[in-house]
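Data block below; observations after.
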Amino acid sequence: MSFDVLWRYAPSLISGFGVTILCWSIGSGLGLVLGAAIALGRRAPLSPLRWLLRAYVELIRGTPFLMQLFLLYAAGPSIGLRLSATAAGVIGLGIYSSAYFAEIFRAGFAAVPKGQIDAAVSIGMAPLDILWRITLPGALVAVVPPIVNTLIVMSKETVVLSIITVPELMYQMQTMAAETFTAFDAIFAMAVFYWLLVEVVSRLGRRLERSVTAFMRHSAGPA
Amino acid sequence: MPLQAFFNSFGYFAQAAGVTVAVSLAGIAIGFIIGIAVCIARVSGGRWLGGLGAVYVSVFRGVPLLVQLLFIYYFLAELGLDVPALVAAVGGLALASAAYQAEILRGALNAVPRGQEEAAIAFGFSPLDTWWRILLPQALRISVPPLINEFILLLKASSLVSVVGIAELTRVSMNVASSTYRPLEAYVGGGLFYLVINLGLAALGNLAERRLAAGSGP
């Protein structure tokens, strides 16, 4: 592949990268909010709700992302749900990731030692105060590493959106490959690009992880 | 009747589910062999082999599976090899899965207490015997639950091989959707097949976890 092909297609590739980043960030953001809500709902004293949310998580985690996308994008119109490819992609990514985030938050809540909550109750803290000052901060530290991990996984999943014609990077690259007969070179460039992207994101993620959990190392020693 | 399109093509779906399971099984089995090799390279391969193993894991975990599959597909064509798409599909799944399995095995090896290896040496076991009789059996035992988990992930990832034209569950769901004009039934039906297979695997994983936990107690 000559570089002037890349140069000629640079505008569409750059816009594709923009769509990739957009789908990733909005989709994951949606997934985080939904996931947190699901995890909170699963602690509710209402057993049908807990049961329903558990079924949702199992359903989403038990089926392939591509299948969910087809269901949303291709089968949606038959129940009156008409979405553009990009909207279906973002919502699909949000729903898919929400199940994984919900499990992470659930484990995070469970990781807060029971003794801390007992202690908070015994010194007379209000339930909302306990949630805000004890449970959430404790859970946050436990969830950051797996959340970073899942975000990285989701950055790779955005490639699947190209199959339902979301005009993200992979889609633009395949369009270029088809128009210029450079399939092999294009896919090679994609492999290198995504590998670098994931490496950079992983490194940034680990740095974020360290800074969020830094206070633990400081307070871990004998005071 | 609701879901008629699904029931009419039930045999077609069942066959496709078989293809999905077969492709995933072949992928995980070949991936296991490559995974062991990569794991050994990383654990005791010295600087060069170890580094190569680390690069392998980084590349195959870092590049999205869809890109890997298309890469292998086009790479084989570029070499002028006329191999069936199935080879590219299974090969792609195996190479990607090997990277994850190598890490699972490495983690399991690290979880075997150091004392076991030292005791084996103290008893005069040869290095090969130490590996074969002490380290590997214990590591494999620890890695069974995560390996079953990896199998579930691979089974879901295998939906991507529909892109290179393998008639597995996802591709067949697409075909049924477009031939019956009932996409909702087709995709819900296909999804149900995945769900049933994965719930079965998850139950197997739980069983294995309990069994192995029971065996390792004092």
For B:S97, the accessible surface traced by a 1.4 Å probe with all protein chains present amounts, in square angstrom to the nearest 10, to 0 Å²
Calc'd 3J(HN,Hα), region A:139-156, phi into Karplus 6.51 cos²θ - 1.76 cosθ + 1.60 (θ = phi - 60°), Hz, glycine/Pro = x, comes to 5, 4, 4, 6, 8, 4, x, x, 5, 4, 4, 5, 4, 5, 4, 5, 4, 6
A:I26 and A:I123 label points (each 7 Å along its Cα→Cβ direction) are spaced in nm at 4.5 nm
Buried by partner chains in region B:39-84 (accessible area down by at least 30 Å² vs chain alone, 1.4 Å probe, heavy atoms, protein only) are B:S58, B:G62, B:V63, B:P64, B:L66, B:V67, B:L70, B:F71, B:Y74, B:E78
Note: B:F75 to B:S126 extended length (0.36 nm per residue) minus current alpha-carbon separation gives 14.0 nm
Carbon/sulfur accessible area of chain B, % of total, 1.4 Å probe, equals 67 percent
Nearest-0.05 FRET efficiency for A:L46 and B:N149 at R0 = 25 Å, using Cβ-Cβ distance, is 0.25
For region A:119-223, using Cα atoms only, the Rg and Dmax in Å read 22.0, 72
Site B:A22, offset 7 angstrom along Cα→Cβ, radius 14 Å on amide nitrogen, limited to region B:46-87, gives B:85-87
dims of region A:3-220, Cα set, principal axes, largest to smallest, nearest Å -> 71, 48, 23
Chain A: relative contact order from alpha carbon pairs under 8 Å, six or more residues apart, as a whole percent, is 27 percent
Asked for the total accessible area buried by A and B (1.4 Å probe, Å², nearest 100), one would answer 2700 Å²
Under a Gaussian network model of chain B whose springs join Cα atoms within less than 10 Å, the largest fluctuation of B:F71, B:F125, B:F151 belongs to B:F125
Between the modelled labels at A:A10 and B:S179 (7 Å from Cα along Cα→Cβ) the distance in nm is 4.8 nm
Relative contact order of region B:21-166 (C-alpha contacts under 8 Å, at least 6 apart) in percent is 35 percent
Quotient of Cα radius of gyration and Kirkwood radius for region A:25-134, i.e. Rg/Rh, equals 1.11
For the protein assembly as shown, dividing by residue count, accessible area per residue (probe 1.4 Å) in Å² works out to 52 Å²
Share of accessible surface on carbon and sulfur in region A:3-220, whole %, 1.4 Å probe and ligands ignored, is 70 percent
Answer in debye to the nearest 20: the dipole magnitude of the protein assembly as shown about its Cα centre, from +1 Lys/Arg and -1 Asp/Glu charges placed on Cβ, is 1100 debye
Taking only protein heavy atoms and a 1.4 Å probe, the highest-to-lowest accessible-area order of B:S126, B:S58, B:S143 is B:S126, B:S58, B:S143
Comparing A:A139, A:A126, A:A111 in a Gaussian network model of chain A (Cα, 10 Å), the one with the largest mean-square fluctuation is A:A126
Binned at 10 Å starting from 0, the alpha-carbon pair-distance distribution of region B:63-134 in whole percents comes out as 17, 29, 18, 18, 16, 2
Expressed in µm² per second, the diffusion coefficient of the protein assembly as shown from the Stokes-Einstein equation, with Rh the Kirkwood radius over alpha carbon pairs, at 25 °C and 0.890 mPa s, is 102 µm²/s
In a Gaussian network model of chain B with springs linking alpha carbons closer than 10 Å, the residue among B:A186, B:A203, B:A54 that fluctuates most is B:A203
Put B:L140, B:L76 in order of accessible area, largest first, probe 1.4 Å, and you get B:L140, B:L76
Each label sits 7 Å from Cα toward the beta-carbon; between B:A208 and B:V43 the label points are separated, in nm, by 1.7 nm
Quick tally, 1.4 Å probe accessible area for B:R210, B:R182, A:R42, sorted with the most first, runs B:R210, B:R182, A:R42
Per chain B, sqrt(5λ) over the Cα gyration tensor eigenvalues, sorted largest first, in Å, gives 39, 23, 11
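The values are calculated or read from the model by the stated rules, or taken from the named source; none is laboratory data. Predicted, not measured: the structure shown is a model, and the values here were computed from it. With ideal geometry, Cβ positions are generated from the backbone for all residues, glycine too; neighbour counts draw on all protein chains shown. Note: accessible area is taken over every heavy atom of the protein model, side chains too, but ligands, DNA and RNA are not part of it. Shrake-Rupley method; radii C 1.70, N 1.55, O 1.52, S 1.80 Å.
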